[in-house]
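Notes follow once the structure below has been shown.
The values are calculated or read from the model by the stated rules, or taken from the named source; none is laboratory data. This one's a predicted model, so the numbers in the text were calculated from it and none came from an experiment. Neighbour counts run over all protein chains shown; Cβ positions are idealised from the backbone, glycine included.
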Ligand SMILES: Nc1ncnc2c1ncn2[C@@H]1O[C@H](COP(=O)(O)OP(=O)(O)OP(=O)(O)O)[C@@H](O)[C@H]1O
Ligand SMILES: [Mg+2]
């Protein structure tokens, strides 16, 4: 592949001692300065992929390259300390017997005493920990320890930083603050980062590009908006948000839904079985009898079963009569604060942009 990429996985498969394959045919190329997220459910192989990049696991099938050079391919195995990468893991332990400055300066032995001290001061300032140089880790909060761990990883100015769920031990507020700071520091250093997370919102916030993984495979790679707006399969669609799911068939190039027919992707023939996934926010709600929303499909009356206020939106459980006379239940998330009463009839139109039609999986 392209020698300008900082980190590459080519045809990587991986099995642990038990022989079970946990990674299948991973091909990724992470570009200079990019913040790249590995996203996926627990057990899908994110940490294993990161450990292969770090050199903590040997790559025996396929190869891993850093800056165009093979670092692991079954014959060569460059050890972690020779790869010039910074590592931050979820449970990154600071050295308890060293101060914050001692921890951060640990990997800077190549520098003279003065240069090392200056670098420690500079990087602690960047992560907002400049007042803590002489403190010992046990007096720091979890969030402060995370910042020191990040400073320690970044102090030698690595061009590649690998972070495994670096914010998962933090509460929501601290998490977003440290995430923001980390992004600023990474960008200001021009570092390339591979960040593991299982939180889609975090990945969308942090990443320039995301690889979404499932059962040891990469399902799709793209910018956050691409994955959200153009998911290639039901797994990717559902990973980003809950969905309403309907089974249907193609008629005249369209998939039937309780809200009306919607265009099926090219290549799905007449009568093909399909799976229709509709995001709750695709269902636009208006008063019964009102005109359909512009750009929407269908105008179907539905009965409100329950409605709940959730911060910036109202989440509704609705019931609509399907084309064959049965009742279908679905969820809608309507921005704003209009709460319909339970039992009230409302008008539903469908936003086709948030609706996805896939060939039904054979079971
Ligand atoms: N040392 C090991 N020996 C055997 N199997 C392992 C080992 N480490 C991980 N696995 C298995 O490999 C698969 C992938 O694990 P991995 O830790 O990479 O997942 P993950 O995506 O990081 O999950 P999580 O989000 O829970 O951290 C899992 O099935 C796991 O049980
Ligand atoms: Mg993991």
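Quick look at the numbers
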quantity: Residue check for residue 330: assigned to a strand (DSSP E or B) and either crowded, with 19+ Cβ neighbours inside 10 Å or over 25 Å from the mean Cα position of the chain (by Cα) (or both); calculated: yes
quantity: Breaking point among (1) farther than 17 Å from residue 163 by Cβ; (2) buried (at least 21 other Cβ atoms within 10 Å of the Cβ); (3) in contact with a helix residue (DSSP H, G or I) (Cβ under 8 Å, 6 or more places away or on another chain), for residue 95; calculated: (2)
quantity: Breaking point among (1) free of Cβ contacts under 8 Å to residues at least 60 places away in the same chain; (2) surrounded by 16 or more Cβ atoms within 10 Å (Cβ to Cβ); (3) more than 16 Å from ligand 2 (Cβ to nearest atom), for residue 141; calculated: (2)
quantity: Considering residues of segment 7-21 that are within 16 Å of ligand 1 (Cβ to nearest atom) and not in a loop (DSSP other than H, G, I, E, B) only, the residue nearest to residue 211 (Cα to Cα); calculated: 9
quantity: Residue within segment 232-244 that is away from ligand 2 (no atom under 16 Å from the Cβ), in a strand (DSSP E or B) and within 24 Å of residue 48 (Cα to Cα) present; calculated: no
quantity: Lone unmet requirement of (1) away from ligand 1 (no atom under 15 Å from the Cβ); (2) farther than 23 Å from residue 146 by Cβ for residue 93; calculated: (2)
quantity: Residue list for segment 70-93, restricted to those being modelled with pLDDT under 90, part of a loop (DSSP other than H, G, I, E, B) and more than 16 Å from ligand 2 (Cβ to nearest atom); calculated: 84, 93
quantity: Any chance residue 190 is out of contact with any helix residue (DSSP H, G or I) (no Cβ under 9 Å at 6 or more places or on another chain) and in contact (Cβ under 8 Å) with a residue 40 or more places away in the chain; calculated: yes
quantity: Residue list for segment 35-58, filter: within 13 Å of residue 161 (Cα to Cα) and within 12 Å of ligand 2 (Cβ to nearest atom); calculated: 50, 51
quantity: Check on residue 4, assigned to a strand (DSSP E or B) and in contact (Cβ under 8 Å) with a residue 40 or more places away in the chain; calculated: no
quantity: Filtered residues of segment 54-65 (kept if closer than 15 Å to residue 82 by Cβ and within 12 Å of ligand 1 (Cβ to nearest atom)); calculated: 56
